[in-house]
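Participant: Would you mind keeping the following structure in view while I ask a few things?
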Amino acid sequence: VQTTFNLYSVARLRWHATRGTIPGDGELMVQMMVDLTALSAILFYTGGATNPFVSFYLPGLAIAAAILPWRLVVVLAVYALSCYSLLLLEYLPLHLHNPDNAVNYHLAGMWLNFVASAVMIAFFVARLSNVLRQRDAQLNHARELLLREARVEALNDQAAAVAHEIGTPLATLAVIAGELRADASEDRKSVV
């Protein structure tokens, strides 16, 4: 079932990529809920809350906190807490061939859990910060373009104002020059 859902998720991501859109908060929320449910099912069959990988709920919540609105994160946190709490009460215990090594297995599992969690969180946080840096760079570029356009428009407005201010005296001078020409041509006619 999880494989089918993951294939569906990949198809949805490709669909979004072809349209230049991104998944909405609801779609991401459903994905996170399915992931938490799948993790809970795996943990149920592998020792429940005694499984050292039970803290795998935390990287998912950390990623959700980085990409989803806080209300949805609260819903996910309550869901993860409910799943964890149920795993304290209901689970299938692991049957170890050598129960004397249970503590060693648990410690090794905790170490693997820490490594996997650290890699997941570092990978996703690095990717998210890279996306944020790219978006900030795009926003800064857009702001620069808007400032340039605003400067050009301000220069156009100033040029129009100057042209208007210069145009009025020039028009007056043209009228005066025309009258002077007319007067000069009348004076020549009267002399001749």
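Participant: In degrees from 0 to 90, rounded to the nearest 10, what is the angle of the helix 57-67 Cα long axis to the longest principal axis of the chain?
Facilitator: 10
Participant: Hey, what number do you get for the chain at 222 nm if only DSSP H runs of n ≥ 4 count, each worth -39500 (n - 2.57), divided across all residues, to the nearest 500?
Facilitator: Counting only the DSSP helices, I get -30500 deg cm²/dmol.
Participant: Another question about this same structure. If you roll a 1.4 angstrom probe over the protein chains with everything in place, what fraction of the accessible area of the stretch 1-77 belongs to carbon and sulfur, to the nearest %?
Facilitator: With neighbouring chains kept in place, the figure for the stretch 1-77 is 73 percent.
Participant: Another question, if that's okay. How large is the dipole of the chain about the Cα centre if only Lys and Arg carry +1 and Asp and Glu carry -1, each at its Cβ, rounded to the nearest 20 debye?
Facilitator: In debye, rounded to 20, the chain gives about 480.
Participant: Now for a different question. At a temperature of 25 °C and a viscosity of 0.890 mPa s, determine how fast the stretch 69-141 diffuses translationally according to Stokes-Einstein, using the Kirkwood radius over alpha-carbon pairs as Rh; express D in µm²/s, rounded to the nearest whole number.
Facilitator: D, rounded to a whole number, is 150 µm²/s.
Participant: Cα atoms only, the chain: Rg and Dmax in Å?
Facilitator: Here Rg and the maximum Cα pair distance are 36.8, 136 Å.
Participant: Hey, what did the chain get for relative contact order, percent, Cα under 8 Å, at least 6 apart?
Facilitator: 20
Participant: Another question, then. Give, as ranges by residue number, the residues of the stretch 42-56 whose backbone N falls under 19 Å from the point 7 Å along Cα→Cβ of L89.
Facilitator: Residues passing the 19 Å test: 42-51.
Participant: Please report, as a whole percent, how much of the solvent-accessible surface of the stretch 89-162 comes from carbon and sulfur atoms (probe radius 1.4 Å).
Facilitator: Carbon and sulfur atoms account for 66 percent of the accessible area of the stretch 89-162.
Participant: If you take the charge dipole of the chain about its Cα centre, with +1 on Lys and Arg Cβ and -1 on Asp and Glu Cβ, which of A184, H16, L146 is farthest toward its positive end?
Facilitator: H16
Participant: Oh, and also: Tell me the per residue accessible area of the chain using a 1.4 Å probe; a whole number in Å² is fine.
Facilitator: 75
Participant: Moving to a separate point now. Report the label-to-label distance for A160 and V74 in nanometres (one decimal), using points 7 Å from each Cα along the Cα→Cβ vector.
Facilitator: 5.1
The values are calculated or read from the model by the stated rules, or taken from the named source; none is laboratory data. In this text, all values refer to a predicted model and were calculated from it rather than measured experimentally. Neighbour counts run over all protein chains shown; Cβ positions are idealised from the backbone, glycine included. What goes into the accessible areas is simple: the full protein's heavy atoms, side chains included, and nothing from ligands, DNA or RNA. Shrake-Rupley method; radii C 1.70, N 1.55, O 1.52, S 1.80 Å.
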